[in-house]
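> Before we start, here is the structure in question, set down as structure tokens.
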Amino acid sequence: MLCLHGFMDTWRTWELVLPMLERRHDVLALTLPGHAGGPSVHGTANTDAIVDAVERSMDEAGLQLAHLVGNSLGGYVAFQLAARGRAATVVALAPAGGWAAEDRSYEKLLRAQQELQSQAKALAPRAEAFLATPEARRRATQLITTNFEHIPAELLAHQLLGIASCKGAGPLIENALREGWTLDAERVTCPVRIVWGAADKLLGWPEAAARYRQELPQADWVLLEGIGHCPQLDVPVEAAQLITGLTV
């Protein structure tokens, strides 16, 4: 199983679900190129470069096929890999790239991500102190989860530092603004489950899922009432069950 995180995140977004996934699978959780702790992006900083790099990592690990699990940007990357024939299954948690062709609202989201990184850079030198109170931890997680009390402060500090240190953020945002999002959906022939939090504040349901609802009619859709953008952090037990339920 290969787990792919979201934009400006790291592999540790899967930390709360990994023990449950590892009971059934050998799991590789990568940090994507251009992200904190990951390799540099070679050539043009775009999603194709990220997909190419992940595919090379699969080759190096001897994985011709893998159960692909992705959140947000990672879900979009998982679909791109599936279109290349590299997926046994795909479980996508609020995958990016699902806006209708005429919907340009993602541009506002990408600009907001630039501002989010600026805020993270300002907070980074005092990340642990900032996250010392429940109120601050709620503030730090308000865009990605509805439940936060169970998420370790140390993990949240790591995520904040990851956002601040994501060197590829600017180039990837500018490239996405120029090129938009595409998917050769007809080539995604493996079993697919798409999980979406109805309370997602980043990729709002159902608008941000419009293209996938139309182009992936074979997908098994799961809507989580009252859950945010990162189910793996928000409701890790349920998220792990939804992932392994498709891959057994």
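> In the stretch 1-32, what trypsin sites (Lys or Arg not before Pro) fall in a loop by DSSP, with at most 16 other Cβ atoms inside 10 Å? Show your work: numbers first, answer last.
Values: sites: R12, R23, R24; in loops: R23, R24.
Answer in residue order: R23, R24.
> Just want the answer: with Cβ charges of +1 for Lys and Arg and -1 for Asp and Glu, which residue in A61, A120, H5 is farthest toward the dipole's positive end in the stretch 1-143?
Positive-most Cα among the choices belongs to A120.
> So which GluC sites (Glu not before Pro) in the stretch 120-217 end up in coil per DSSP with only 13 or fewer other C-beta atoms within 10 Å? Mind dumping the intermediate values first?
Details: sites: E128, E135, E149, E154, E174, E179, E186, E207, E215; in loops: E149.
Within the stretch 120-217, the qualifying GluC sites (Glu not before Pro) (loop, at most 13 other Cβ atoms within 10 Å) are E149.
> What translational diffusion coefficient, to the nearest whole µm²/s, does the chain have by Stokes-Einstein, given a Kirkwood radius computed over alpha-carbon pairs, a temperature of 20 °C and 1.002 mPa s viscosity?
Details: Rh = 17.9 Å.
Stokes-Einstein gives a translational diffusion coefficient of 120 µm²/s.
> Still on this structure: Return the single residue from G70, G162, G170 with maximal mean-square fluctuation; model: Gaussian network over the chain, springs between Cα atoms under 10 Å.
G170
> Starting from the Cα gyration tensor of the stretch 125-196, take the square roots of the eigenvalues, sort them a ≥ b ≥ c, and report rounded, prolate or oblate (rounded when a/c is under 1.5, otherwise prolate if a/b is larger than b/c, else oblate). Let's see the in-between values first.
On the way: a/c = 3.25, a/b = 1.65, b/c = 1.97.
Taking the square roots of the gyration eigenvalues as a ≥ b ≥ c, the stretch 125-196 is oblate.
> Something else now. Cut-off 10 angstrom, C-alpha nodes, Gaussian network model of the chain. Which of V77, V27, V69 fluctuates the most?
Result: V27 has the largest fluctuation of those listed.
> Follow-up. When only C-alpha pairs under 8 Å and at least 6 residues apart count, what is the relative contact order of the stretch 37-184, in percent? Mind showing how you got there, number by number?
On the way: 139 pairs, mean separation 36.1, N = 148.
Once divided by the residue count of the stretch 37-184, the mean separation gives 24 percent.
> Now a separate question. In deg cm²/dmol and to the nearest 500, what is the mean residue ellipticity at 222 nm of the chain if only DSSP H runs of at least 4 residues count, each as -39500 (n - 2.57), divided by the residue total? Could you put the intermediate results ahead of the total?
Details: 11 runs with 105 residues, N = 248.
The helix-only estimate for the chain comes to -12000 deg cm²/dmol at 222 nm.
> Fewest to most neighbouring Cβ within 10 Å: what's the order for I144, I151? Walk me through the intermediate numbers first.
Working: I144 26, I151 21.
Ascending Cβ contact count within 10 Å gives the list I151, I144.
> A further question follows. Hey, can you rank 42-55, 103-116, 80-93 by average C-beta count inside 10 Å, highest first?
Values: 42-55: 17.8, 103-116: 14.0, 80-93: 22.6.
Result, highest mean Cβ count within 10 Å first: 80-93, 42-55, 103-116.
Since every read-out is calculated from the coordinates, none of them should be taken as a lab result. Predicted model only: the values in this text are computed from it and were never measured. Positions of Cβ are generated from backbone atoms using ideal geometry, with glycine treated the same way; all protein chains shown enter the neighbour counts.
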